[in-house]
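Here's the structure, in structure tokens; my notes come after.
The values are calculated or read from the model by the stated rules, or taken from the named source; none is laboratory data. All values reported here derive from a predicted model rather than from experimental measurement. With ideal geometry, Cβ positions are generated from the backbone for all residues, glycine too; neighbour counts draw on all protein chains shown.
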Amino acid sequence: MALIDSFDWFNSETKQQFLQEGYVVSECENVDGLILWREQILRWFFNELCRKDYEIERSDPAKILNRIHEYIKPDQINDVRMSIYSKLTSASWSRPTFFSFAKFMLEEIVGNELAMQNRVNVNIMMPEDKGSNIPLHVDAHSGESPFQCVLWVPLTDVFQSKGMFLLPLKKNRIAVNHFKEWVIQGGREKVFEEIQDDLVWPNVPFGSFLLFSPTLIHGSVPNQSSETRWSFNARFKSLFSPYASEEKSLGTFYLPTSLMPATRLGLEYRPPQGLGK
């Protein structure tokens with residue numbers, strides 16, 4: 001290898017896009033795991049929530065997920081969401097499998113010693129369902145670490161109002177400076193009015209994921225499509241980057257994914273008493 005005068009020898013297009021836009025859409029790195037994840041969600045829904053038999057081999061999972069609103073009423077959606085959330089939280093495979101959907105991307109964008117949110121979040125949005133809508137917000141405004149990234153994985157194809165919106169980084173830097181002013185003038189509706197022409201609505205087909213910065217303005221609007229949206233998300237940050245609060249600290253909100261050997265030995269080390277005095 002020749003002499004090298006820069007540490008930035010691996011400057012990929014993905015890194016550049018993330019630095020320029022604040023988000024990236026990419027193909028799932030464990031599609032087989034995502035398919036099994038989808039099948040397990042459907043089994044829970046039918047076998048345990050609807051008390052009906054569900055056979056994966058005789059079904060079209062994508063079609064059924066898009067039509068979940070034909071099986072339950074809008075006022076049941078939160079109970080369903082919380083039941084699936086609880087089952088995922090109890091499943092030993094949920095966090096490692098979710099991590100595997102974007103492991104190499106996360107290591108490229110965030111780092112190879114990571115802390116992951118201790119639970120995977122669930123969102124289900126039926127057509128015209130305003131109750132499941134997530135209003136415009138900035139995660140870093142509400143106690144989340146600005147050093148994290150949000151991994152967002154849909155179980156159905158998402159697009160336009162069936163998905164979510166983001167304000168790309170260049171426009172976001174300007175808008176964030178006016179955020180408080182606009183909220184005072186007219187609430188979050190005023191913020192949306194000011195930025196709506198600059199928003200992007202990423203297309204994220206099943207088998208893909210969206211990774212974005214918590215410093216971006218983002219959210220969703222009532223689902224105007226004829227299909228139900230299923231999505232899952234969790235936050236990742238570099239293990240030793242600053243934590244925003246005691247509530248969102250390591251051991252409470254975050255848990256390590258893995259530690260490198262040198263880090264393990266370093267954390268175990270205790271210098272002899274009196275050394276250096």
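Below is a table of values for the structure above.
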| quantity | calculated |
| --- | --- |
| Gly131 modelled with pLDDT under 95, of a type outside the set (Val, Ile, Thr) and in a helix (DSSP H, G or I) | no |
| Any hit, region 251-258, residues being loosely packed, with under 13 Cβ neighbours inside 10 Å and at positive phi | yes |
| So Asp129, is it more than 17 Å from the chain's Cα centre (by Cα) and surrounded by fewer than 16 Cβ atoms within 10 Å (Cβ to Cβ) | no |
| Filter result for Val150 (surrounded by fewer than 21 Cβ atoms within 10 Å (Cβ to Cβ), under 13 Å from the mean Cα position of the chain (by Cα), under 26 Å from Gln117 (Cα atoms) and modelled with pLDDT of 95 or more) | yes |
| Verdict on Ile195 being surrounded by fewer than 17 Cβ atoms within 10 Å (Cβ to Cβ) and free of Cβ contacts under 8 Å to residues at least 60 places away in the same chain | no |
| Selection status of Gln17, touching a strand residue (DSSP E or B) at 6+ places or on another chain (Cβ under 9 Å), surrounded by fewer than 18 Cβ atoms within 10 Å (Cβ to Cβ) and not in a loop (DSSP other than H, G, I, E, B) | yes |
| Of all residues making up region 31-69, the number that are modelled with pLDDT under 90 and farther than 28 Å from Ser100 by Cα | 4 |
| Those residues of region 233-255 which are of a type in the set (Gly, Ala, Ser) and assigned to a strand (DSSP E or B), in sequence order | Ala234, Ser238 |
| When residues of region 116-126 are limited to those that are in a loop (DSSP other than H, G, I, E, B) and hydrophobic (A, V, I, L, M, F, W, C), the one surrounded by the fewest Cβ atoms within 10 Å (Cβ to Cβ) | Met126 |
| Selected residue [farther than 28 Å from Tyr243 by Cβ and surrounded by fewer than 19 Cβ atoms within 10 Å (Cβ to Cβ)] from Glu113, Glu27, Glu107 | Glu27 |
| Single residue of region 61-104 satisfying the filter (outside any helix (DSSP H, G or I) and charged (D, E, K, R)) that is surrounded by the fewest Cβ atoms within 10 Å (Cβ to Cβ) | Lys73 |
| Subset of region 49-60 that is assigned to a loop (DSSP other than H, G, I, E, B) and out of contact with any Lys or Arg (no Cβ under 9 Å at 6 or more places or on another chain) - its residue that is surrounded by the most Cβ atoms within 10 Å (Cβ to Cβ) | Cys50 |
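Results for (1) more than 21 Å from the chain's Cα centre (by Cα); (2) of a type in the set (A, V, I, L, M, F, W, C); (3) not in a strand (DSSP E or B), shown as yes or no for each residue.
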| residue | (1), (2), (3) |
| --- | --- |
| Pro135 | no, no, yes |
| His141 | no, no, yes |
| His178 | yes, no, yes |
| Phe209 | no, yes, no |
| Val221 | no, yes, yes |
| Ser225 | yes, no, yes |
| Ser231 | no, no, no |
